[in-house]
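Colleague: Sending over a structure as structure tokens; questions will come in a sec.
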Amino acid sequence: MPDIVIGIDLGTTNSAAAMLDGEEPRLIPNALGEILTPSVVGVDLDGHVVVGRTARELMVTHPDRCTSQFKRKMGIEWKTRLAGLAFTPEELSALVLRSLKQDAEAYLGEPITRAVITVPAYFNDDQRKATLTAGRIAGLKVERILNEPTAAALAYGFRDPGSERVLLIFDLGGGTCDVSVVDVMDGAIEVRASAGEAILGGEDFTRAMAARLLERCGQGFERAELESPKLVSRLIWESETAKRVLSRQGSATVRIPDRSGGIGDDARIETITRDEFGRWTEPLMARVEMPIRRALGDAGLGRGDINEVILVGGATRMPRVVERIASMFPSPPLCGLNPDEVVALGAAVQAGLIARDASVDDIVVTDVAPFSLGIHISKHFGLERRDGYFLPIIHRNTTIPVSRVQKLQTVDPNQTKVTIQLYQGEARRVADNLRLGEFELNGIPLGPAGQELEVRFTYDLNGVLEVEATVSATRQTVTHVVTRYARGMSAADIAKAVKAMQSLKTHPREEAQNRFLLRRAERLFGQLGADARRIIGGLLDGFEEALEQGDPVVIERHRQALKDYLDSQEPSEGDESEETADGPW
Ligand code: AMP
């Protein structure tokens, strides 16, 4: 079999992997047999690093040992400590990627070293590089960084590439909101425009609910986060459940935890109606419309020109979001593919294109640069010269890959060098845009001001920028690649991170089921009343002893007994259908 390339949706809340299997993209289940792996990392009480559902269970009982939503920190210099170990967002993402890689290897029975990883269209240069770095730390060659809405368009476009239509992809995930306008015709899938909000997603809706509930109880959210993290962690879990219940019925209840995160039989119960939740989250809903307007404006289209509106991302399950989008377009939005899975499926199609799979021969995809790229310049106002202005060289929503040249002139007589300062963004002044780096061009011949220079910007399919500056008179050129790896991480740092990752203690993969069940039992032990606790305690003791002794038959017997009891108290996720799901995630 040729070298497999897998597609990975590295999400804020959940991640998933898929591959092209013959004619169809197929999702790859993880060690627990599930498609979605929560993007949560923790260090358990034995000092082992745990990822996915096991970490999410641990998070409820030991929030100080776990972290989630680190995708929102990608590209930022930030570290978190879990049980004495320090992690950067790239390392945390690498742990999730490694877990997906290992699960795919176990499922497919061969090593996986190449992947396409998706990012929100609106991820900036730093965030994209952080994602490339995470892939590298996880031992993956990242063949392409693909925009999430483009991946969704690929999953939909792939199903019927011949029929000509204009799609608007609306993607509201856990942490980001992205919109793309895409043309599909004769096998070509062409992104016309992308726009987004980097910090707006389903998690904000959950936190808004938790904050309003705390307010009802006379407490401030931020203060509670500092003073009672267990209370907040548990309340967010409860709010997440209620949010999902409100997606299918008119009201939901939330039990308010005590300061230590416990929920006793006498816990205060709050009822929330769908309307109330709608009012609480109105400021978030208003922000959802902005990227739609901008993407349509940039594509030069009106709402009536859109043939299909496609919903992507778990947060588009909220009826109010659907209503809001529906009210903006003549035809109702579509959600034919599972909104949680469609990005991974599209990434698998792109992976197939890279691996030159025969089934995708006829498909061509083009994407756009979601933001403008340019340099710092000075401007003359009469005799006065003012610094700090931004000159875009590649404008936002230009089709990529792209290469553009801009001619410039020196501003001082006998100026022998210039510093080319690179920025990304839409603001007129560089101070309001993202700084990408700088480099010097020397060797400008002595002479009056106005010597000609050329600056060429080349932006590749991964959204990685290369800049070349040339002195026109001498043709002397300096090339600057805005480094492919994360800010603040040199190649040596990455090598160190790879080594550190290899030395982390992790449980053998075969133990995944057992670890997960232990964590789930510990969480329910803390959440249920005295009678249930006594039973869980006894079953846990038996299971732990069986694990200690190592007899597979005995382990299986105890595991099943514990699982059956836990399921009787709370349906396990594997058994739930989407319609009846009650627990969060
Ligand atoms: P994603 O990043 O696409 O996995 O989206 C995850 C987000 O979708 C999280 O914020 C979830 O809370 C949210 N989500 C998933 N299912 C539902 C649902 N049934 N109702 C409301 N939000 C949901």
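The values are calculated or read from the model by the stated rules, or taken from the named source; none is laboratory data. Just so we're clear, the structure is a prediction, and the values are computed from it rather than from any experiment. Here the Cβ positions follow ideal geometry from the backbone for every residue, glycine too, while neighbour counts run over all protein chains shown. Surface accessibility is based on the protein's heavy atoms, side chains included, excluding ligands, DNA and RNA. Shrake-Rupley method; radii C 1.70, N 1.55, O 1.52, S 1.80 Å.
Colleague: If I filter the stretch 169-197 down to residues being surrounded by fewer than 21 Cβ atoms within 10 Å (Cβ to Cβ) and part of a loop (DSSP other than H, G, I, E, B), which single residue comes out as farthest from the ligand (Cβ to nearest atom)?
Modeller: Checking each candidate, the answer is ASP186.
Colleague: Next question. Write out, first by first residue and then by second, each pair whose Cβ atoms fall under 6 Å of each other, whose residues are 6+ apart or on separate chains, and whose first residue, in the stretch 153-182, is under 15 Å from ILE363 (Cβ atoms) while the second is within 15 Å of the ligand (Cβ to nearest atom) and of a type in the set (Ser, Thr, Tyr).
Modeller: Between residues of the stretch 153-182 that are under 15 Å from ILE363 (Cβ atoms) and residues that are within 15 Å of the ligand (Cβ to nearest atom) and of a type in the set (Ser, Thr, Tyr), there is no close pair.
Colleague: For the subset of the stretch 222-231 comprising residues that are assigned to a helix (DSSP H, G or I) and open to solvent by less than 10 Å² (accessible area, probe 1.4 Å), which member is farthest from PRO257 (Cα to Cα)?
Modeller: ALA224
Colleague: From the residues in the stretch 214-249 that are over 20 Å from GLN527 (Cα atoms) and within 16 Å of the ligand (Cβ to nearest atom), which one is nearest to the chain's Cα centre (by Cα)?
Modeller: SER247
Colleague: So ARG259 clears everything in (1) more than 15 Å from the ligand (Cβ to nearest atom); (2) in a strand (DSSP E or B); (3) farther than 30 Å from LEU146 by Cα except one condition, right? Which one?
Modeller: Only one criterion is unmet by ARG259, namely (2).
Colleague: Being closer than 26 Å to LEU146 by Cβ, surrounded by 24 or more Cβ atoms within 10 Å (Cβ to Cβ) and not polar (S, T, N, Q) narrows it down to one residue among LEU27, LEU20, LEU108; which is it?
Modeller: LEU20
Rundown of residues vs (1) closer than 16 Å to LYS505 by Cβ; (2) within 21 Å of the chain's Cα centre (by Cα); (3) among the β-branched types (Val, Ile, Thr); (4) crowded, with 20+ Cβ neighbours inside 10 Å, yes/no style:
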site: GLY42; (1), (2), (3), (4): yes, yes, no, yes
site: ASP46; (1), (2), (3), (4): yes, no, no, no
site: GLY52; (1), (2), (3), (4): no, yes, no, yes
site: VAL60; (1), (2), (3), (4): no, no, yes, yes
site: TRP78; (1), (2), (3), (4): no, yes, no, no
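Colleague: What pairs come out if I take residues in the stretch 92-120 that are more than 21 Å from ILE354 (Cα to Cα) and pair them with residues that are part of a helix (DSSP H, G or I) whose C-beta lies under 6 Å away, six or more apart or interchain?
Modeller: LEU92/PHE70; SER93/ALA134; ALA94/ALA134; ALA94/ILE137
Colleague: May I ask you to say which residue of ALA267, ALA252 is within 13 Å of the ligand (Cβ to nearest atom), in the same structural domain as GLU225 (by TED's automatic domain parsing) and out of contact with any Gly (no Cβ under 6 Å at 6 or more places or on another chain)?
Modeller: ALA252
Colleague: Name the single residue that is nearest to ARG136 (Cα to Cα) among those in the stretch 502-517 being open to solvent by less than 40 Å² (accessible area, probe 1.4 Å) and at pLDDT 85 or above.
Modeller: LEU504
Colleague: Out of the residues in the stretch 313-334 that are in a loop (DSSP other than H, G, I, E, B) and within 12 Å of the ligand (Cβ to nearest atom), state the one that is surrounded by the fewest Cβ atoms within 10 Å (Cβ to Cβ).
Modeller: Here the answer is MET318.
Colleague: Let me ask something additional. Name the pairs: first residue in the stretch 269-294 and under 13 Å from PRO319 (Cα atoms), second residue open to solvent by less than 10 Å² (accessible area, probe 1.4 Å), Cβ to Cβ under 7 Å, at least 6 apart or on different chains?
Modeller: Filtered contacts from the stretch 269-294: ARG274/LEU246; PHE277/MET209; PHE277/LEU246; THR281/PHE205.
Colleague: Looking at the stretch 306-332, I want the residues that are more than 20 Å from ALA193 (Cβ to Cβ) and not assigned by TED's automatic domain parsing to the domain that holds ARG279 and have a partner that is part of a loop (DSSP other than H, G, I, E, B) and away from the ligand (no atom under 13 Å from the Cβ) with Cβ atoms under 7 Å, at least 6 apart or on another chain. Which pairs are those?
Modeller: Final answer for the pair search is VAL322/PRO333; ALA326/PRO332; ALA326/PRO333.
Colleague: Give the number of residues within the stretch 167-199 that are polar (S, T, N, Q) and farther than 13 Å from ALA151 by Cα.
Modeller: Qualifying residue count, the stretch 167-199: 1.
Colleague: Is it the case, given these coordinates, that LEU436 is surrounded by 13 or more Cβ atoms within 10 Å (Cβ to Cβ), touching a Gly at 6+ places or on another chain (Cβ under 9 Å), within 30 Å of ASP171 (Cβ to Cβ) and aliphatic (A, V, I, L, M)?
Modeller: Judged against the criteria, LEU436 is not a match.
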